[in-house]
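Colleague: Take a look at the following structure, please.
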Amino acid sequence: MDRIVIYGGKKLRGEIIVSGSKNSALPILFATLLTDDPVTITNVPSLADIDTTVAFLNFIGKKTVKKENTVKTYSSYKYKYVAPYDLVRKMRASILIMGPLLARLKRVEVSLPGGCAIGARPLDIHLDAFKKLGAEISIESGYVKTSAKNGLKGAAISFRFPSVGATENILLTAVLAKGKTIIANAACEPEIEDLANVLNKMGAKITGAGTKNIEIEGVDKLHGFTHEVIPDRIEAATYIIAAAITKGGIILKKVIPQHLKSVNDKLKKCGL
């Protein structure tokens, strides 16, 4: 698409069903690599990043099918442990392949990722945490090579800032590590809670998701699940603001009001 042309001056009115959250669906899709049991995920948004992830999972060896807003995964083939540049470059969230494959295969090689146009997001916070769990890491020929020949062990991890991606990646790894992992200064976003809820449905033992401190007690095996992805709070807030600036009025359906509290509080102060 070369451009978007907007003819303004119209009040926005009507009812809108908010889509599922992409930022929640992506890590949940990668979580399916942690089990060989069937999985059903509903309320998955229809976006290019979702299609890329489905293709990525099929390439790695997880039979994955998307039909409308539902994704199902089935028994796995032998997983590949190398994620090539042609796949990783399409989407920044591809880095979340590292946690599940490291947990399952004890080795993973991932091309340095691309796909992000909003500035540098360093991977060192992910890699430092993997090291604390017992992984050895090297960067060779544009690939991050990670292995844990002696297995993964729980550890105390403190992030220098509350990275959403790193919190998700360590959750996806530590659930199958031996012993307890504590993440300090963890990200608190609703998407973190949604991922933790999914992992707990799979048999993980996670407490504290949604707070600055998360505890994970490692388990030996995880099983399948059925889950509905939370609604997209960014999409919902965008519609609310669009209605406000056009002096319109809309009804949003399928939202979680608590996820919009900070936006709504500010807009109320503006007179909305």
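The values are calculated or read from the model by the stated rules, or taken from the named source; none is laboratory data. This one's a predicted model, so the numbers in the text were calculated from it and none came from an experiment. Note that we place each Cβ from the backbone using ideal geometry, even for glycine, and neighbour counts take in every protein chain shown. Areas reflect the complete protein model, heavy atoms only, side chains present, ligands, DNA and RNA absent. Shrake-Rupley method; radii C 1.70, N 1.55, O 1.52, S 1.80 Å.
Colleague: Surrounded by fewer than 19 Cβ atoms within 10 Å (Cβ to Cβ), under 13 Å from Thr173 (Cβ atoms) and either modelled with pLDDT of 90 or more or among the basic types (Lys, Arg) (or both) - does that describe any residue in region 91-105?
Modeller: Yes, region 91-105 contains at least one residue that is surrounded by fewer than 19 Cβ atoms within 10 Å (Cβ to Cβ), under 13 Å from Thr173 (Cβ atoms) and either modelled with pLDDT of 90 or more or among the basic types (Lys, Arg) (or both).
Colleague: Failed condition for Asn197, given (1) farther than 29 Å from Phe30 by Cα; (2) without any contact (Cβ under 8 Å) to a residue 60 or more places away in the chain, with all others met?
Modeller: Asn197 satisfies every listed condition except (1).
Colleague: How many residues are touching a residue at least 60 places away in the same chain (Cβ under 8 Å) and of a type in the set (Asp, Glu) if we restrict to region 244-272?
Modeller: 0
Colleague: Moving on to the next point. Condition first: in contact (Cβ under 8 Å) with a residue 12 or more places away in the chain, in a helix (DSSP H, G or I) and open to solvent by 30 Å² or more (accessible area, probe 1.4 Å). Now tell me which residues in region 55-70 satisfy that.
Modeller: Residues satisfying the conditions are Ala55, Phe59.
Colleague: Follow-up question, since we're still on this one. Pairs under 7 Å by beta carbon, first residue in contact (Cβ under 8 Å) with a residue 24 or more places away in the chain in region 149-164, partner among the polar types (S, T, N, Q) and not in a loop (DSSP other than H, G, I, E, B), six or more apart or different chains?
Modeller: Pairs found: Leu152/Thr173; Gly154/Thr181; Ala155/Thr181; Ile157/Thr181.
Colleague: Only one of (1) within 27 Å of Ala31 (Cβ to Cβ); (2) out of contact with any Ser or Thr (no Cβ under 6 Å at 6 or more places or on another chain) fails for Ile245. Which number is that?
Modeller: Exception for Ile245: condition (1).
Colleague: Something else now. Within region 79-88, can one find any residue that is of a type in the set (Ser, Thr, Tyr) and surrounded by 18 or more Cβ atoms within 10 Å (Cβ to Cβ)?
Modeller: Checked against the condition, which is being of a type in the set (Ser, Thr, Tyr) and surrounded by 18 or more Cβ atoms within 10 Å (Cβ to Cβ), region 79-88 yields at least one hit.
Colleague: Considering only region 44-52, I want to know if a residue exists there that is open to solvent by less than 40 Å² (accessible area, probe 1.4 Å), more than 26 Å from Lys178 (Cβ to Cβ), in the same structural domain as Thr146 (by the TED database) and more than 17 Å from the chain's Cα centre (by Cα).
Modeller: No, there is no match, as no residue in region 44-52 is open to solvent by less than 40 Å² (accessible area, probe 1.4 Å), more than 26 Å from Lys178 (Cβ to Cβ), in the same structural domain as Thr146 (by the TED database) and more than 17 Å from the chain's Cα centre (by Cα).
Colleague: Does Lys132 satisfy the criteria of being over 17 Å from the mean Cα position of the chain (by Cα) and not small (Gly, Ala, Ser)?
Modeller: So Lys132 fits the description; yes.
Colleague: Out of Thr73, Thr40, I need the residue that is among the polar types (S, T, N, Q), in a strand (DSSP E or B), at pLDDT 90 or above and surrounded by fewer than 15 Cβ atoms within 10 Å (Cβ to Cβ). Which one?
Modeller: On inspection, the qualifying residue turns out to be Thr40.
Colleague: Okay, moving on. Could you give me the residue pairs with C-beta distances under 8 Å whose first residue belongs to region 229-243 and is closer than 21 Å to Asn69 by Cα and among the hydrophobic types (A, V, I, L, M, F, W, C), whose second residue is surrounded by fewer than 16 Cβ atoms within 10 Å (Cβ to Cβ) and at pLDDT 95 or above wherever it lies, and which are 6+ apart or on separate chains?
Modeller: Listed pairs, sorted by first residue: Val229/Thr42; Ile230/Ile256.
Colleague: Kindly indicate whether any position in region 34-52 is within 17 Å of Asp232 (Cβ to Cβ) and in contact with a Pro (Cβ under 6 Å, 6 or more places away or on another chain).
Modeller: No, because not a single residue in region 34-52 is within 17 Å of Asp232 (Cβ to Cβ) and in contact with a Pro (Cβ under 6 Å, 6 or more places away or on another chain).
Colleague: Among the residues of region 182-213, which ones are open to solvent by less than 20 Å² (accessible area, probe 1.4 Å) and either at positive phi or in contact with a Leu (Cβ under 7 Å, 6 or more places away or on another chain) (or both)?
Modeller: Selection gives Leu195, Ala196, Leu199, Met202, Ala204, Ile206.
Colleague: On to the next question. In region 1-29, how many residues are among the small types (Gly, Ala, Ser) and in a loop (DSSP other than H, G, I, E, B)?
Modeller: Final tally of qualifying residues: 4.
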